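Written out below as structure tokens is the structure these notes cover.
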Amino acid sequence: MRPSEGETKINVDAAFCPASGESAAGVVIRDHRSAVILAASMVGTKCRDAEEAEAIAIYEGLKIAVDYNLTPASLESDCATAVAAVNRQTMITSRNWHVYDNIKVYRNVLPSCVISKVSRNCNEAAHKLAHLATTSGSSNVWLSPVPEAVRELWCTSKVSSYGAGFGRRSGHRRCTVKAAATATASRSTDYYKVLSLEHSADLGEEDVKRAYRRLALQYHPDVCPPSRRAESTELFVELRRAYETLSDPATRFQYDAELRTGTAARRPADGFSKDVWEAQLSVLWARSERRHSAGSCGGNRF
């Protein structure tokens, strides 16, 4: 349902790992023009099952709306079990009753907010944000304008305006590889170019870390279309190697010396053996395949 002007729409999703019980939540809030005004990627608490993780995601969506003084007309989740429990008028007997009780508190604050079930295809952005928290290990809230690196998370789906077809997967957008082209062309030459950084004495460890995080968000295998996963996996490993080299003062000093003498380009695989390179690719590829094929409540797993 399209919200009126001044109101918003919330989409939430969860990621859940049955083996460890770890969870994460993704939240996207759009205005009546379908513009994203808030995006959140949050590491959650340990849960007993996927339903609890999805219920917590609903709770987080409502809580953020209240915290930021927003007026949501609706909230959508792709977990039918959690949505049914939230809308049940009778006493909730689920073992996750404590989460639903907390949700009820925020529903009393937002009485006009309708909570409904939506298909996964209409919940892609929240799904990607939940999985971002599992890979980054940190919680973040971004307000409009949402950074480009975060918007790239849902580059595999185009979101149309509200109305017919809103939020449906209408085709794939190629996951951009502007830095990727640089990294591929300069493999085993210049790690500064790999991370799109200027070679400067003023460049600090935090600058390297920010550059790596920005690019890793764009080119992680989990956030690119399946057709480009092999390429993005190789690039992601290249970015990681550049970060490990430049973020450590000792290795960076040695690398800078090699750049000055022209020996850096002749280092075999930039100091990494072929076995290490192939092992990193294999692990990332296998993990990405598992995440894209795994299913639980709402299809969310680490």
Non-local residues with an amide H under 5 Å from the amide H of Glu22, with H modelled 1.01 Å from N and Pro and chain starts lacking one, are Cys17, Cys47
At R0 = 25 Å the Cβ-Cβ FRET efficiency linking Val114 and Ser139, nearest 0.05, sits at 0.40
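How much length is gained on full extension from Ala35 to Gln254, taking 0.36 nm per residue of separation minus their Cα-Cα distance?
Numbers: separation 219, 0.36 × 219 = 78.84 nm, distance 4.65 nm.
Result: 74.2 nm gained on full extension.
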With His127 itself left out, Lys, Arg at +1 and Asp, Glu at -1 over residues whose Cβ is under 9 Å from its Cβ give -1
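What's the local net charge at Val150, with K and R +1, D and E -1, over the other residues with C-beta under 13 Å away? List each step's numbers first, then the result.
Numbers: positive: Lys128, Arg151, Arg213, Arg214; negative: Glu148, Glu152.
Net charge in that neighbourhood comes out at +2.
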Note: probe point = Cα of Trp97 + 7 Å toward Cβ; backbone nitrogen < 19 Å; residues of segment 37-54 passing the test are 48-49, 51-53
Result for segment 39-89: accessible area per residue, probe 1.4 angstrom, in square angstrom, of 37 Å²
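Set the Förster radius R0 to 35 Å, insert the Cβ-Cβ distance between Ala230 and Thr71 as r into 1/(1 + (r/R0)^6), and round the FRET efficiency to 0.05. Don't skip to the end; give the middle numbers.
On the way: r = 44 Å, r/R0 = 1.27.
That pair, Ala230 with Thr71, gives E of 0.20.
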Computed over segment 44-138, the convex hull of the Cα set has an average projected area, in nm², of 6.3 nm²
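The values are calculated or read from the model by the stated rules, or taken from the named source; none is laboratory data. If you're wondering where the values come from, they're calculated on a predicted model, not measured in any experiment. Neighbour counts run over all protein chains shown; Cβ positions are idealised from the backbone, glycine included. To get the accessible areas, we keep the full protein, side chains included, count just its heavy atoms, and leave off ligands, DNA and RNA. Shrake-Rupley method; radii C 1.70, N 1.55, O 1.52, S 1.80 Å.
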